[in-house]
1. Let me know the mean shielding of B:215-222 by other chains, meaning the per-residue number of their Cβ atoms within 10 Å of its Cβ.
2. Between A:Lys46 and A:Ala262, how high is the FRET efficiency from 1/(1 + (r/R0)^6) when r is the Cβ-Cβ distance and R₀ = 30 Å? Nearest 0.05.
3. Taking the alpha-carbon distance from A:Lys46 and a cut-off under 16 Å, which lysines remain once sequence neighbours fewer than 8 residues away in the same chain are dropped?
4. For chain B, what is the largest minus smallest coordinate of the Cα atoms on each principal axis, given in angstrom and ordered from greatest to least?
5. Quick one: give the max-minus-min coordinate of the C-alpha atoms of chain A along each principal axis, largest first, in Å.
6. How far apart, in nm, are the 7 Å Cα→Cβ label points at A:Asp276 and A:Leu74?
7. Rounded to the nearest 500 deg cm²/dmol, what is the calculated helix-only ellipticity per residue at 222 nm for the protein assembly as shown, with -39500 (n - 2.57) per DSSP H run of length n ≥ 4?
8. Alpha carbon centre of the stretch A:99-158 versus the stretch B:132-202: separation in Å?
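The values are calculated or read from the model by the stated rules, or taken from the named source; none is laboratory data. Keep in mind that what you see is a predicted model, and the values were worked out from it rather than measured. So basically every Cβ, Gly included, is an ideal-geometry build from the backbone, and we count neighbours across all protein chains shown. Areas reflect the complete protein model, heavy atoms only, side chains present, ligands, DNA and RNA absent. Shrake-Rupley method; radii C 1.70, N 1.55, O 1.52, S 1.80 Å.
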Amino acid sequence: MNIMITGSEGQLGSEFRAMACAYPQWNFFFYSHQDLDISEESKVDKAMRQCRCDIVLNCAAFTSVDNAESSPDLSFRVNRDGAGVLAQSARKNGALLIQFSTFGVFDGMSSRPYREDDDAEPKSFYGKAKLAGENLIRSTAPSYLIIRIGWLYSPFGENFVKKILSLGQKRTSLGVVSDRVGSPVYAADLVAAVMSILVMVDLQRTYSATYHYAGEGVCSWYDFAIAVMKLAKLPCQILPIESNAFPVFGPRPWYSVLSNNAIKRDWGIAIPYWQDSLALAVIRMQSLSS
Amino acid sequence: MNIMVTGSGGQLGSEFRALACAYPQWNFFFFSHNALDISEEERVDEAMRECRCNVVINCAAFTSVDRAEADPEASFRVNRDGAGVLARCAGEHGALLIHFSTYYVFDGLSPMPYRESDPVSPLGVYGISKWEGEELVRRIAPSCMVIRVGWLYSRFGENFVKTMLRLGRERDSLDVVADRVGSPVYATDAVAAVMEILGKVDLKRCYSSTYHYANEGVCSWYDFAVSIMKTANLPCRVLPVENTSFALNGPRPWYSVLDSNAIKKEWGLDISHWEKSLAVMTGNTFH
């Protein structure tokens with residue numbers, strides 16, 4: 001099985017790189033955004049042909065919510081057009097396309113976990129571009145899985161856990177937003193889940209499924225930060241603050257909890273409790289940085 | 001200062017009893033529901049007169065959401081009529097009435113923490129009866145504070161934490177609802193906050209405030225249960241389930257997070273994170 005991974009330098013892509021060696025039966029082909037801009041159709045097409053791609057995992061995305069507000073064009077080029085190009089090429093090459101998407105496709109006004117069939121009504125340009133990308137895949141790719149994920153973190157790239165760890169080393173106290181609720185996703189868990197799906201996938205079949213993936217349980221950013229400090233044994237005190245005390249550029253959803261029941265049921269996956277995953281992640285991050 | 005506490009056998013009342021000895025400067029008068037039915041006006045009046053009451057703290061409530069659906073009259077008698085009686089008597093005796101209420105006055109359909117000024121919309125008998133009790137208190141009592149609390153638990157009475165601790169000792173694994181979010185309230189914290197307010201209160205003034213009180217942070221019942229097992233060192237595995245897997249009588253709100261900023265700001269309170277308070281309680285129970 002030949003697996004092509006785009007956006008291989010990002011949080012998810014790097015985690016796939018790190019775990020690929022555990023699957024020597026498969027051939028992985030990694031493309032960072034410098035190697036391959038997914039919005040360039042002829043290059044994508046050529047890359048897929050060259051690696052005789054059976055599966056393409058799209059980890060390339062323009063993920064900054066704030067930057068997407070100031071440069072929506074860039075966000076649409078990668079998140080919508082890039083997804084469309086991959087869908088086209090997957091079609092030509094008969095490959096299964098696995099696309100990662102986001103809780104940002106919802107408006108965050110729900111009060112119970114979002115299911116896959118809930119109406120997507122993105123408020124931010126980021127969410128709009130990701131949803132447009134999803135829809136191009138649904139209309140173009142003959143076989144696809146779309147996986148929407150919650151609050152992603154990993155030892156790679158920029159993310160909330162890394163930011164809190166670094167601030168926690170510098171400061172004695174830190175205000176963190178306590179009125180927004182969601183579910184953290186440790187990239188290593190997600191990648192392990194995708195790998196176990198790949199083991200079970202039947203390439204003779206065509207798939208057309210949308211799933212939600214998030215760590216078990218919920219928290220606010222404030223709870224999340226408290227857990228990081230506790231696990232990292234940092235003495236920095238975390239103080240709860242209201243969102244309006246911490247203005248951000250792009251619109252942020254209030255409620256971002258995703259129901260992960262469908263992916264668990266369809267593929268027999270067990271998902272760890274978010275704090276258990278975070279404990280492993282913090283140890284790993286500390287050992288990587290020391 | 002003479003402080004009368006009704007419903008002193010309940011979760012909050014027992015906690016007031018336990019903390020009262022730390023405030024020897026005040027006289028506490030405790031009435032359990034056996035000693036005093038708050039819906040009996042004459043008896044309430046007499047009790048307040050006898051203890052020359054300056055402050056009455058109403059911890060008496062009909063708290064079973066499920067039984068309230070089956071027996072609405074009992075729920076309205078205590079939660080609405082009892083509150084009304086206390087409000088009238090507090091007025092007659094010039095006492096400040098501190099009344100506890102609940103997140104059940106909301107429908108739980110908000111995506112963000114409930115503020116005191118948010119419109120109420122109770123889903124069932126329990127919530128309606130508590131809301132009507134609040135309204136009577138605000139309308140009748142010349143000086144009152146209504147404090148709505150989140151997911152209450154304590155060392156006393158029946159509550160989620162005690163149930164989990166018991167089941168955690170009996171079973172290897174346990175299914176717990178993962179799709180409902182709220183904020184736990186450790187009764188000791190809520191009572192300590194009220195004591196702090198009482199230390200600052202000016203009895204010459206008239207109060208008419210509604211506050212929300214919950215420990216900092218949020219969780220689902222599933223997160224709550226995981227944390228209970230962890231802090232109590234119980235090997236029981238907690239599994240997340242959807243709410244639909246359980247048939248419940250009373251309607252339960254999806255989202256019950258309360259915004260406690262007003263009470264913190266106005267009374268200079270510090271509230272601790274829910275997991276920290278939980279560890280205090282499970283530590284108390286086991287060591």
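1. Working: counts 0, 8, 10, 9, 6, 8, 0, 4.
Mean shielding by partner chains, rounded to a whole number: 6.
2. Computed FRET efficiency for A:Lys46 and A:Ala262: 0.30.
3. A:Lys46 reaches A:Lys92.
4. Cα spread of chain B along its principal axes, largest to smallest: 54, 38, 36 Å.
5. Largest to smallest, the principal-axis extents are 55, 38, 37 Å.
6. Calculated label separation equals 3.9 nm.
7. On the way: 22 runs with 230 residues, N = 577.
It lands at -12000 deg cm²/dmol.
8. 37 Å
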